[in-house]
1. Name the residues in region 132-151 that are within 13 Å of LEU177 (Cβ to Cβ), out of contact with any Leu (no Cβ under 9 Å at 6 or more places or on another chain) and without any contact (Cβ under 8 Å) to a residue 40 or more places away in the chain, would you?
2. Which residue pairs have Cβ atoms under 7 Å apart, sit 6 or more places apart or on different chains, and have a first residue in region 182-199 that is on the phi > 0 side of the Ramachandran plot and a second that is crowded, with 16+ Cβ neighbours inside 10 Å?
3. Output the residue which, of all residues in region 185-219 that are in a loop (DSSP other than H, G, I, E, B) and open to solvent by less than 10 Å² (accessible area, probe 1.4 Å), is farthest from GLU255 (Cα to Cα).
4. List, please: which pairs have Cβ atoms under 6 Å, are six or more places apart or on different chains, and start with a residue in region 38-54 that is open to solvent by 80 Å² or more (accessible area, probe 1.4 Å) and end with one that is not aliphatic (A, V, I, L, M)?
5. Which ones in region 212-258 are out of contact with any helix residue (DSSP H, G or I) (no Cβ under 9 Å at 6 or more places or on another chain) and among the hydroxyl-bearing types (Ser, Thr, Tyr)?
6. If you scan region 160-175, which residues turn out to be assigned to a helix (DSSP H, G or I) and within 18 Å of ASP105 (Cα to Cα)?
Amino acid sequence: MERPAWAPRSIDITVPSVSRMHDYYLGGSHNFEVDREAARRAMEFMPGLPKIVQANRAFMRRAVRFAVDEGINQFLDIGSGIPTFGNVHEVAQAADPDARVMYVDHDPVAVAHSQSVLEGNDGAGIVAADLRKPREILDSPEVQRLIDLNRPVALLLVAILHFVEDADDPYAVVADLREALAPGSMLVLTHASYEGIPLPPERAEGAVDVYQDIRNPLIMRTREEIARFFEGYDMVEPGLVPMPQWRPDTAPEDEDPYAFSGFAGVGRTA
């Protein structure tokens, strides 16, 4: 397999990546055949995966605009993935040119492509780090340069916590991040769940097994388990709901049934 010029030498291009599979679902070009093959296998069980990912992105954009409308112009996007059209910095800086956005990801392709996309943008940056080590993120020179933790921040954990296993205590990770944020900060979150998927659970499990096979387990949590991530936050209306139902721009009933898979919500600290 020929290595594209944009692929860092450090990565193994024979092993599928969650970030690059996500890029494929969104119609991006920064993925390899091994990623496309794994994504197509998952789609054999859950053909609506691209619709789920698109609904996820649409929610993220609405939540970013909401945060700016509420006076927040700092964004910390952990698990940001490979940049595609309508990324956080584009939405935030269109609404407020002074908005600052710090992306965080541990995938080398996501980091390298983000650096390229953000070149010349003094209000946005990327740091290579892992959500499971929140202190390393918060103490990094990149975050400290762009983000003032003494002012409210919108923390984005969009489609990332379902890749953190219970053994890594994701609730403690989210709580540590919350404790570091100033009052008035927001948590913007989406999470996969069997609830809402227009398929029998045993069919959906086939797609989950694909992620298990590539050693990136997809942890499907219940609505109640997902709601626990918002401890210490006051939920913004309409609460924790399927993605198309969170402050929609268009009628939710017009959405593809797969778009209602999983949950999205925004919380704000007092």
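The values are calculated or read from the model by the stated rules, or taken from the named source; none is laboratory data. Here the structure is a predicted model, which is why all the values come from computation and not from measurement. Here the Cβ is made from the backbone with ideal geometry for all residues, glycine too, and neighbour counts use every protein chain on show. Surface accessibility is based on the protein's heavy atoms, side chains included, excluding ligands, DNA and RNA. Shrake-Rupley method; radii C 1.70, N 1.55, O 1.52, S 1.80 Å.
1. LYS133, GLU136, ASP139
2. Taking only residues 6 or more apart or on different chains, the pairs are GLY184/PRO152; GLY184/ARG268; GLY184/THR269; GLY196/PRO242; GLY196/PHE260; GLY196/SER261; GLY196/GLY262.
3. Start the filter on region 185-219 by keeping residues that are in a loop (DSSP other than H, G, I, E, B), which leaves 185, 192-200, 214-219.
Now restrict to residues that are open to solvent by less than 10 Å² (accessible area, probe 1.4 Å): 185, 193.
Details: SER185: 30, SER193: 18 Å.
Applying the filter and picking the extreme gives SER185.
4. LYS51/ASP256; LYS51/TYR258
5. THR222
6. LEU161, HIS162, PHE163, ASP168, PRO170, VAL173, VAL174, listed by residue number.
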